[in-house]
1. Tell me which residues come under 5 Å, amide H to amide H, from Ala197 once H is placed; ignore anything under 5 positions away on its chain.
2. Please identify, among Ala203, Ala215, Ala82, the residue showing maximal mean-square fluctuation in a Gaussian network model of the chain using a 10 angstrom Cα cutoff.
3. What are the residues whose amide H is under 5 Å from the amide H of Leu259, where those residues sit 5 or more places off or on another chain and H is modelled from the backbone?
4. Between (i) 19.1; (ii) 21.4; (iii) 20.3, which matches Kirkwood radius over Cα pairs in Å calculated for the structure shown?
5. Summing -39500 (n - 2.57) over the DSSP H runs of n ≥ 4 in the chain and dividing by its residue number, what mean residue ellipticity at 222 nm do you reach, to the nearest 500 deg cm²/dmol?
6. Work out from phi, with θ = phi - 60° and the Karplus expression 6.51 cos²θ - 1.76 cosθ + 1.60, the ³J(HN,Hα) of each residue of the range 148-165, listed in order in whole Hz, and give x for Gly and Pro.
7. Hey, can you grab everything whose amide H is under 5 Å from the amide H of Val6? Only 5+ residues off in sequence or another chain; H modelled, so Pro and N-termini drop out.
8. Tell me the relative contact order for the chain as a rounded percent, counting alpha carbon contacts under 8 Å between residues six or more apart.
Amino acid sequence: MRRILVIKLASLGDVVQAFGPFAAIRAHHPEAEITLLTTPPYATLLRGAPWFDRIWADGRPGWASLPGLWRLARRLRGAGFARVYDLQTSARSSRYRLLVGRGAEWSGIARGASHPHANPQRDAMHTVERQREQLATAGITRFPVPDLTFLDGDVTGLGLPQSFALLVPGASPGRPGKRWPVERYAALAAGLDLPVAVAGGAAEAGLARAIQAAAPAAVDLTGRTDFGQLGAVARHAAFAVGNDTGPTHLLAALGCPTLALFGDESDPALCAPRGQRVAVLRHAPLAELGVEEVRVALAGLRAG
C-alpha cells in the first residue's frame, strides 16, 4: 500500500482552509495509506475526518528538544512515505524533507522538491487558491466538496434558543488589532431581532459576560464546546459575526452565513473565510468600525 504524508501543523483558520486540499488528496489517492502530521489541537479536530488513516500529533517539537526531534525524525524516516504534501510550506516543514528522506516525492517549497510550487507570486495568493495551485503542480486537479459531517456533537445541554445568532468576539491574544471592541459586539447584540450565543475559548468568558450585560438573553458558550459541538451549533445558527479568528473560519466552512470583520492586521484577500455565504467587512483600524456599518453589512448577508 502506497504511503502518503500530509503536513499541516497550524493554525485553526489555516487548517480549516486546508479541508478542501485534504479531501482532494484523499480523492486522488483512494487506495493509499494517508498520514497527517499535525499538532495536538488539530489532531483532536480531525480525529473523525474521512481523509486520513493515521494522525500524528507530534509534528512540532521544540528545536531545543533533542529527544522530541529524534523521535520525530525516526518516525518520519521509518514510515516509508512515497509522497509528501507539505501544506504548511514553512521553513520548519520544509526542513522535514531531510527527515523523511530524499527518496520521497515532495509537493511544497522545500529545496529539491520533486513537485515544487514555484510561483513567485504564491505569497500574494489567497490560501485556498495557493494550495490548489500547489496541488495542481503535483497532478491533483479535482477538488470534491469536503465532507464535514464528522464535525457534529450533542448540544442539548447548552441552553440554546430555537433561533439565535452566533458572535465570535475573540481573537489571538497577541493580536489585539484583530478584535472588534467587545462593547460594540454588545451593542450589536442588544439591537438584533433574535438572541445571541457567544462562542470562544474559556479565556474569552469575560467577553461573553460583557455582551450579556447589554443583552441578558445571550448564551455564553465560551469554553463549553468542543469542535464537534461547535459544528452542530453552526448548523443551527441563523448567522454568525466574528473577527478574523479560527472559529469564524470554521463556522463559515460549515455553511453558517458569516460576516467576518477585518482590520489592518490581516488581509482578507489572502485569508478571508470561505463558505457558502460569507461576507467580509474591513475597516482600518478595526476598533473604529461603527456598529451601524456592521448592521448594514449584516442585513445584506441575511438578505442574500
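Values quoted throughout were computed directly from the atomic coordinates according to the rules given, and no laboratory measurement underlies them. The shown structure was predicted, so the numbers you read here are calculated from the model rather than taken from an experiment. All Cβ positions, even for glycine, are placed from backbone atoms using ideal geometry, and neighbour counts span all protein chains on display.
1. For Ala197, whose amide H was placed from the backbone, the distant partners under 5 Å are Ala165, Leu166, Leu167, Val219.
2. In this elastic network of the chain, the residue with the biggest mean-square fluctuation among Ala203, Ala215, Ala82 is Ala203.
3. HN-HN under 5 Å from Leu259: Ala240, Val241, Gly242, Ala279.
4. (iii)
5. Details: 12 runs with 111 residues, N = 304.
Roughly -10500 deg cm²/dmol at 222 nm, from the helical runs in the chain.
6. Once rounded to whole Hz, the list reads 10, 5, 5, 8, 8, x, 7, 10, 5, x, 8, x, 7, x, 5, 10, 7, 9.
7. Here the answer is Thr35, Leu36, Leu37, Tyr85, since their amide H atoms fall under 5 Å of that of Val6.
8. So the answer I get is 16 percent.
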